[in-house]
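Beneath this line is the structure, given in structure tokens, with notes to follow.
The values are calculated or read from the model by the stated rules, or taken from the named source; none is laboratory data. Just so we're clear, the structure is a prediction, and the values are computed from it rather than from any experiment. Here the Cβ positions follow ideal geometry from the backbone for every residue, glycine too, while neighbour counts run over all protein chains shown. The protein model used for the area step is the full one, side chains on, heavy atoms only, and it has no ligands, DNA or RNA in it. Shrake-Rupley method; radii C 1.70, N 1.55, O 1.52, S 1.80 Å.
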Amino acid sequence: MQNQPPRLSDETRRAAGAKGVIARQERAAIKKEIESAKCSFFDAINDGRESIQRMRVAELLQAVPGIGARRCFLIMGKIGISPSRRIQGLGPKQLAALRKELLVIKQGVTPGALIVMSGPGGVGKSTITSVLRDHPSVWVSISATTRTPRHGERDGHDYFFITDERFDAMIGNNEFLEWAEFAGNRYGTPKEPVDDWRNLGRHVLLEIEIAGARQVRRAEPDALLVFIAPPSWEELVARLTNRGTDSPERRAARLALAQEEMAAAGEFDHTLVNTQVEAVAQSLLSLATSHQSKK
Ligand code: 5GP
């Protein structure tokens, strides 16, 4: 009959069984050495024995003190290592990223929380951001955008103002944590500084629109999504229509968009009502700190 496994002689079977037993013993021994800090994760990676090279990355990573199943899942997801990846299949970029992550763990820094703040236009997100910008435990992410600077805005402070070509190149190089189009311009969060600041223990704040928040939810499941709501719909309408210079069409478009944005509130982890800017900033900080310590 076809498609049947080849018949193994008793001797071959015994030899294969013995090899399997030895491989399991070697794996267990190296994990013990990592657990007791006799050997580092990277010493193990460089161990050329087949039994070690064929081990799953997740299994070895969880032997590192301070890395449990959840942290292992988060680190691998963040770096883009599939759960079934074996040591021998790790690429140089993945190894470099792992080195960075393990250094942080060794230093004993608890990574900061990733806070995503969204809400309808006119609700006061940028005022809240400007309060938190001065707080020592927070780093406010600087987005890249293709829109032109407004009066008083500074490149590298408010945004990185870049061309469409540069934006395309950043997408192509996978440099964004998320990006979206809004009112005819593109906006994106550069990924690397977000990781770096969190690894230094700072909470990172993203002030982005809703499509971007949804992408962060998928890319970083441990992000904290906070929706900023107005005290009432009437108050939001008053704020949006008092901008004076808008044409009736533009005003109607703003209100329609705000309505759509308000409908997304249920997708967020928390909603904070912006009755007082300082109080909202303080609540965001408390949420970030308790979220950080949960990990
Ligand atoms: P503005 O042009 O008024 O500064 O921003 C327009 C909208 O884009 C705001 O809702 C703001 O929160 C959002 N935004 C700013 N930076 C980013 C970003 O990096 N990604 C996404 N998705 N939205 C952003």
Could you please tell me which pairs satisfy a Cβ distance under 9 Å, a separation of 6+ or placement on different chains, a first residue in region 186-197 that is within 16 Å of Ile75 (Cβ to Cβ) and hydrophobic (A, V, I, L, M, F, W, C), and a second residue that is in a strand (DSSP E or B) and within 11 Å of the ligand (Cβ to nearest atom)? Val194/Leu177; Val194/Leu206
Test result for Val237, among the aliphatic types (A, V, I, L, M) and free of Cβ contacts under 8 Å to residues at least 40 places away in the same chain: yes
Quick one: is His151 surrounded by 12 or more Cβ atoms within 10 Å (Cβ to Cβ) and either within 28 Å of Gly201 (Cβ to Cβ) or within 13 Å of the ligand (Cβ to nearest atom) (or both)? no
Here are some conditions: (1) assigned to a strand (DSSP E or B); (2) within 14 Å of the ligand (Cβ to nearest atom); (3) under 19 Å from Arg202 (Cβ atoms). His157 meets all but one. Which one does it not meet? (1)
Condition met for Thr146 (surrounded by 11 or more Cβ atoms within 10 Å (Cβ to Cβ) and β-branched (Val, Ile, Thr)): yes
Residue check, Gly112 within 12 Å of the ligand (Cβ to nearest atom), open to solvent by less than 30 Å² (accessible area, probe 1.4 Å) and either among the small types (Gly, Ala, Ser) or not assigned by TED's automatic domain parsing to the domain that holds Ala258 (or both): no
Taking only region 77-94 into account, find how many residues are more than 17 Å from Thr110 (Cα to Cα) and not in a loop (DSSP other than H, G, I, E, B). 9
Unmet requirement for Arg99, which otherwise passes all of (1) in contact (Cβ under 8 Å) with a residue 24 or more places away in the chain; (2) open to solvent by less than 40 Å² (accessible area, probe 1.4 Å); (3) more than 16 Å from the ligand (Cβ to nearest atom): (2)
Mind checking whether some residue in region 128-136 is buried (at least 20 other Cβ atoms within 10 Å of the Cβ), closer than 28 Å to Ala279 by Cβ and more than 13 Å from the ligand (Cβ to nearest atom)? yes
